Each structure stands twice: as structure tokens, then as C-alpha cells.
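Encoded as C-alpha cells, the structure appears first; notes follow it.
Only the coordinates and a few stated rules stand behind these numbers; no lab work does. These figures come from a predicted structure and were not determined experimentally. Reconstructed Cβ throughout: ideal geometry from the backbone, glycine too, with neighbour counts over all protein chains shown.
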Amino acid sequence: MNLRNTFDFANLSFKLKKGNIMKSILFLLLATASLFAQEAAPQPAPQGGIGAFLPFILLFVVMYLFFIRPKQKEMKKMDEMRKAMKKGDEVMTFAGIIGIVHHMDDTTVTLRTGSSTIKFQKAAIQSITTPAPDAPEAVKEESK
């Protein structure tokens, strides 16, 4: 065997087919790509325990202070106003109907509006516009 024929680069191009050359170039590119790749930035350690839930806890506290608590106070004030309501008071419903309390039950109120009477739930009463003449001073101050 002749050594000179073994390393003959001029004849090498004739022995390799075109598809084999493309595969070898692709292989070399993929093999060297990992040499130029950068390492990924280190990920921050995940917070554990209560630190992960702290934003949700703060959000709930803010919602309670600004939305739930004032609404509860308003509901309590409305309940006290409805309990203080008595026959002869002029009231306004949430529908805007103004009438005088004609009859009251535990849950319903009958209002006299002009020549007709209308029955409402107590929860439909929005405010006492004019208390009855013999109403105590505390009820008069609430209507202001």
C-alpha cells in the first residue's frame, strides 16, 4: 500500500459524496455550538413559608379595611334605622317611593302613598325622611 495515496487530498473530494459533506459540516457546527454557549443566569431561590403568601394576606387586609368593614358599618346603621321606624314616619324606599308607614310587621311595612297602600319588605326602606311628630330626638338626628 502506498502512503502517498492514503493522504492524497486531491482525490479525497472525488471519493466523498455531496450529501456526506453537508452532514459533516452540520455535525461540526452542532459540536462546536456548545463551546460558545453561555451559562444560564442563576435562578433566585424560591421563597418558602409565609413569604410566598404575604402579598395575598396584605391584599385581603386592604380589601377588608376599605370595602368590607365600611359596608358592615353601613348595614348595621340601616338595621338600627329600620328598627327605630314606627307608624306615622314618612319613609323613602330604594325604588324612590315616598310614603307614610301605615302598618308594620316583623319583616314587612305597609306604606300609604296618596290614596293607595303598598306593602314592602323592611329591607326596601332606604331612609326615614320625616319622623313621626312624637318621635324621639335620636331618630330625628339620624334622618339628617
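Charging the Cβ of each Asp and Glu at -1 and of each Lys and Arg at +1, and nothing else, the dipole of region 54-142 about its Cα centre rounds to 260 debye.
Taking amide H atoms as placed 1.01 Å from N in the peptide plane, the amide H of D89 lies under 5 Å from those of V101, A132, each 5 or more residues away in sequence or on another chain. Under 1.5 on a/c is rounded, so check that first for region 59-139, then, if it is not, pick prolate when a/b is larger than b/c and oblate when it is not; a ≥ b ≥ c are the square roots of the alpha carbon gyration tensor eigenvalues. It comes out prolate by the Cα gyration axes.
F67 to H102: extension gain in nm, 0.36 nm per residue of separation minus the Cα-Cα distance? Full extension of this stretch gives 9.0 nm more. Within the shell of other residues whose beta carbon sits under 10 angstrom from the beta carbon of V109, the net charge comes to +2, with Lys and Arg scored +1 and Asp and Glu -1.
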